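Chemist: Can you read through this structure? Questions will come right after.
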Protein chains: 2
Amino acid sequence: MPTISVKAQVMPESPIRRLVPYAEEAKRQGKKVYHLNIGQPDIPTPKVALDAIKNLNDKVLAYSHSAGNPSYRKKLSEYYHTVDIDVTPDEMIITTGGSEAIIFAFMATMNPGDEVIIPEPFYANYNGFAVTTGVTIKPITSNIDEDFGLPSIENFEKLITEKTKGIVICNPNNPTGYLYSEDELRQLEKLVKKYNLYLFSDEVYREFCYDGHEHFSVMNLKDIQDNVIMMDSVSKRYSMCGIRVGCMVSKNKEIMAAALKFGQARLCPPYLGQVAAEAAVDTPKAYFDEVYKEYIQRRDYMVKRLNQMEGVKSPLPKGAFYTTVELPVDDTDKFAQWLLEDFDYQGQTVMLAPASGFYSTPGLGKKEVRIAYVLNTNDLEKAMDSLQEALKVYPGKTL
Amino acid sequence: MPTISVKAQVMPESPIRRLVPYAEEAKRQGKKVYHLNIGQPDIPTPKVALDAIKNLNDKVLAYSHSAGNPSYRKKLSEYYHTVDIDVTPDEMIITTGGSEAIIFAFMATMNPGDEVIIPEPFYANYNGFAVTTGVTIKPITSNIDEDFGLPSIENFEKLITEKTKGIVICNPNNPTGYLYSEDELRQLEKLVKKYNLYLFSDEVYREFCYDGHEHFSVMNLKDIQDNVIMMDSVSKRYSMCGIRVGCMVSKNKEIMAAALKFGQARLCPPYLGQVAAEAAVDTPKAYFDEVYKEYIQRRDYMVKRLNQMEGVKSPLPKGAFYTTVELPVDDTDKFAQWLLEDFDYQGQTVMLAPASGFYSTPGLGKKEVRIAYVLNTNDLEKAMDSLQEALKVYPGKTL
């Protein structure tokens, strides 16, 4: 039998996947498992998007343009203007989810062996996209005691080699919920300019900013606009992760022309998803107000409960719907498995995402988990009750 | 400004793209352009698939399974059984179009620098997927005088080096319309076994076989079943190219596990497309009878007209909806441009796909074009009239 590829061999699997069989077994045993481990919101998709699908009038579901339907790109550029991002339909390529936007961005700009610096903990699938494109990730550690804010520019500079081609940020951040300030982004702007790097910014959680904090997009770093590539997606904005519609945006015409060649090879992004996404741009403001209220309520409740537990430390996230939390346990990989395998509180338990999968530096994150507040407050209450009880009886507790 | 990647620089653009501005200009001048250059059928998508979309009942368009919705995989395995392909839902990964199936297959099995042998002319986007994955394509030339049948096994063996990892076929073939016989596939089976290669088979035109010829799938080469990877798509089968739903199929568990890791990184294939594709499996036989009748009529009419033109040579394709044709001209790239730029017959002209883009060996295909019979017979008649007149007056004609 011929062998599989080296890339397939080193392609990481997230530590959440390892836990899936334990979660399934727990459910088979009749336990109620609260999923705090995933980024699939329970928020309804806007009616205007669902209606567009139901009212579909096409006779042939044909290929769309490789860069995305012109009508959708026009509408999307209108959306961007409402959030102070000035881009034209020609400065974007509609992609199959944010995932493909990242792959196209990496593929168009970097050669195998080139390096990108990413603040850790970071979205675990960046590892997969790095393997796919042959790029090496150099992690720079952010710290829970600084709410996972931007590491110092000095520390970035220490990591820059002649192979360094770019910096990747996720803003607001998955898995920490941190929202980078304009000041932090201005620091990155100077660094990027000094070393002539790319700045890749994953802004799929743009809509989820709390407490009056405003999102500042890298697209507004005018001094480095040819170095900036934004990756985006409608998955979280309109709670329609399954339609696989994202986009890659840049003012740099050479990069966009390069990325489009990869787009042409795969013909086009999903047509039906584009229909839904185009309609979703007209989602009424009341929808977002409702979503905002819901998430704020969940976040406030959850962070309060977490910080009330002895030895637990959670920052107050300013964005997205995650928080990365320190727990008084020996190893969160073991703890998360134990929660599913050996624990229940009144027939209930929780599934957590061990943070080791979000760190690239070996050994880091062993006491941290990512918690997604994608459950309604009733369920969140039960989930917090279970976690609280679990921390009292877990054999590997460190308190 | 930082530079784009080497892959982006060498990523090919198809010669059809080069012609698009000329086609647009011709239309601006009021010419009617018949598109014989593209694989977008005009056949309606089955009603049962469109209805499934219109009747969508979901409240949240959530992520599906990374390998595809279990209900769709089950249904798809039932479809495969109806065409004598015995695969279980676990032996398939639903992909974002056939394109992603090819990328996953290459990525899971081959390292940068590895080689695959592909009979040329071949589907031009294989070049793009090879660049993406770092694989080198070694072309083996098939010949119009043999209807583009399988090149001799001796010629395959001459190309095998220690870097050769596989053979790629497209069956029925795009761009030639050739349908490989069971005998030809048995020859490949022996070769693949002898050198322990992968056999990648793109079978997206399976449903389009004519004159009583039956499709024989590589999945039925039991002797090499661990070496076989089939790539498939619903795009052509149900005329829904835009939904981007394909699949990768193999009995080799190690390959499927490897490919799934790439699938997990990109989260899932498009959900709405999967809804349409699942429903489409129940498309009534009458639909296919109608489609079959339509294509046979188009093919017969078109091939007859082509071969009546002086110096024009077209095989009678046994499958797909393309034929690769020899024309009595100096260079089909020039001819195709001239047709759009400098010619019209009663205000009409045609757009052709120069075959040079389907050959990897430099200089080949200069007298050939691919013609897709995706127009109704009325339009085909006018297109053939235009082509016939064009060949009489083209300055670079060789007759």
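The values are calculated or read from the model by the stated rules, or taken from the named source; none is laboratory data. Since we're looking at a predicted model, the values are computed, not measured. Positions of Cβ are generated from backbone atoms using ideal geometry, with glycine treated the same way; all protein chains shown enter the neighbour counts. The accessibility values were calculated without ligands, DNA or RNA, using every heavy atom of the protein model including side chains. Shrake-Rupley method; radii C 1.70, N 1.55, O 1.52, S 1.80 Å.
Chemist: Just to be sure I follow: if Rg is taken over the C-alpha atoms of chain B and Rh is the Kirkwood radius over the same atoms, what is Rg/Rh?
Modeler: 0.96
Chemist: In Å, what is the Rg of the alpha-carbon atoms in the protein assembly as shown, and how long is Dmax?
Modeler: 27.4, 92
Chemist: Can you list the residues of the range B:267-302 with backbone N under 19 Å from a point 7 Å past the Cα of B:S181, pointing along Cα to Cβ?
Modeler: none
Chemist: Rounded to a whole number, what % of the accessible area of the range B:193-349 do carbon and sulfur atoms account for, probe 1.4 Å?
Modeler: Carbon and sulfur: 49 percent of the exposed surface of the range B:193-349.
Chemist: Sticking with this structure for a sec: When only Cα pairs under 8 Å and 6 or more residues apart are kept, what is the percent relative contact order across the range A:73-166?
Modeler: For the range A:73-166, the relative contact order is 25 percent.
Chemist: Rounded to the nearest Å, what's the spacing between the alpha carbon centres of the range A:1-73 and the range A:99-139? Just the number, please.
Modeler: So the separation of the two Cα centres works out to 20 Å.
Chemist: Further question on the same structure: How long are the three semi-axes of the equivalent ellipsoid of the range A:264-351, in whole Å, if each is the root of 5 times an eigenvalue of the C-alpha gyration tensor, listed from largest down?
Modeler: Value: 36, 21, 13 Å, ordered largest first.
Chemist: Over the Cα atoms of the range A:341-399, Rg to Rh with Kirkwood Rh, two decimal places?
Modeler: Value, to two decimals: 1.00.
Chemist: On to the next question. Using the Kirkwood formula over every pair of different C-alpha atoms, what hydrodynamic radius in Å results for the range A:137-193?
Modeler: Evaluated on the range A:137-193, it is 12.1 Å.
Chemist: Exactly which GluC sites (Glu not before Pro) in the range A:292-399 are in a DSSP loop and have at most 16 other Cβ atoms within 10 Å?
Modeler: A:E310
Chemist: Starting from the Kirkwood radius over alpha-carbon pairs of the range A:207-291, derive D by Stokes-Einstein at 37 °C in a medium of 0.692 mPa s and give it in µm² s⁻¹. The partial results should precede the final answer.
Modeler: Details: Rh = 15.0 Å.
Answer, rounded: 218 µm²/s.
Chemist: Something else about it: Relative to the isolated chain, which residues of the range B:1-31 have their accessible area cut by 20 Å² or more in the presence of all protein chains (1.4 Å probe, heavy atoms, no ligands or nucleic acids)?
Modeler: Going by heavy-atom accessible area, the residues of the range B:1-31 that drop by at least 20 Å² are B:M1, B:P2, B:T3, B:I4, B:S5, B:V6, B:K7, B:A8, B:M11, B:E13, B:R17.
Chemist: Among B:D86, B:D232, B:D183, which one shows the highest mean-square fluctuation when chain B is modelled as a Gaussian network with alpha-carbon springs under 10 Å?
Modeler: It is B:D183.
Chemist: At B:V20, label 7 Å along Cα→Cβ: distances to the other copies, nm, ascending?
Modeler: Nearest first, the other copies' label points are 3.6 nm away.
Chemist: On a 0 to 90 degree scale, rounded to 10, what angle separates helix B:332-341 from the longest Cα axis of chain B?
Modeler: The answer is roughly 70 degrees.
Chemist: Given bins 5 angstrom wide, list per bin the percent of all Cα-Cα distances in the range B:87-183, short to long.
Modeler: Bins of 5 Å from zero give 3, 12, 22, 21, 20, 15, 6, 1, 0 percent of pairs.
Chemist: Could you work out [θ]222 nm for chain B from helices alone, using -39500 (n - 2.57) per DSSP H run of at least four and dividing by all its residues? Round to the nearest 500 deg cm²/dmol. Write out the running numbers ahead of the final one.
Modeler: Working: 13 runs with 157 residues, N = 399.
Helices in chain B give a 222 nm mean residue ellipticity of -12000 deg cm²/dmol.
Chemist: Can you list the distances in nanometres, one decimal and ascending, from the A:T398 label point to the identical position in each other copy, with the point 7 Å along Cα to Cβ?
Modeler: The projected label point of A:T398 is separated from its counterparts by 7.6 nm.
Chemist: Give the average over all directions of the projected area of the C-alpha convex hull of the range A:28-100, one decimal, in nm².
Modeler: 8.7
Chemist: Also, I was wondering about something else. Order A:Y34, A:Y301, most accessible first, counting only protein heavy atoms with a 1.4 angstrom probe.
Modeler: On the way: A:Y34 10, A:Y301 60 Å².
From most exposed to least exposed: A:Y301, A:Y34.
Chemist: What accessible area per residue comes out for the range A:47-280, rounded to a whole number of Å², with a 1.4 Å probe?
Modeler: Using a 1.4 Å probe on heavy atoms only, each residue of the range A:47-280 averages 31 Å².
Chemist: Same structure, new question: Which residues of the range A:45-59 show a drop of at least 40 Å² in accessible area when all protein chains are present, compared with their chain alone (probe radius 1.4 Å, heavy atoms only, ligands and nucleic acids excluded)?
Modeler: Those are A:L50, A:I53, A:K54, A:L56, A:K59, which lose 40 Å² or more relative to the chain on its own.
Chemist: Compute for chains B and A the buried accessible surface, both sides summed, probe 1.4 Å, and express it in Å² to the nearest 100.
Modeler: That pair of chains buries around 6100 Å² in total.
Chemist: Continuing with the same structure: What residues qualify as long-range amide H neighbours of A:K138, i.e. H under 5 Å apart, gap of 5 or more or another chain, H built at 1.01 Å from N?
Modeler: Under 5 Å from the amide H of A:K138 lie the amide H atoms of A:V116, A:I117, A:I118, each far enough along the sequence or on another chain.
Chemist: If amide H atoms are built 1.01 Å from N in the plane of the peptide, which residues on other chains or at least 5 residues away come under 5 Å of the amide H of B:D202?
Modeler: Those lying under 5 Å, H to H, from B:D202 are B:I169, B:C170, B:N171, B:M231.
Chemist: Give the Debye-formula value of log10 I(q)/I(0) at each listed q (0.10, 0.12 Å⁻¹), with one equal scatterer per alpha carbon of the range B:299-399, two decimals each.
Modeler: -0.24, -0.35
Chemist: To continue, here is another question. Kindly express, to the nearest 10 degrees and within the range 0 to 90, the angle between helix B:271-280's C-alpha long axis and the longest C-alpha principal axis of chain B.
Modeler: 80
Chemist: Compute the semi-axes of the equivalent ellipsoid of the range B:47-280, taking the square root of 5 times each eigenvalue of the Cα gyration tensor, and list them largest first in whole Å.
Modeler: Semi-axes, largest first: 30, 20, 16 Å.
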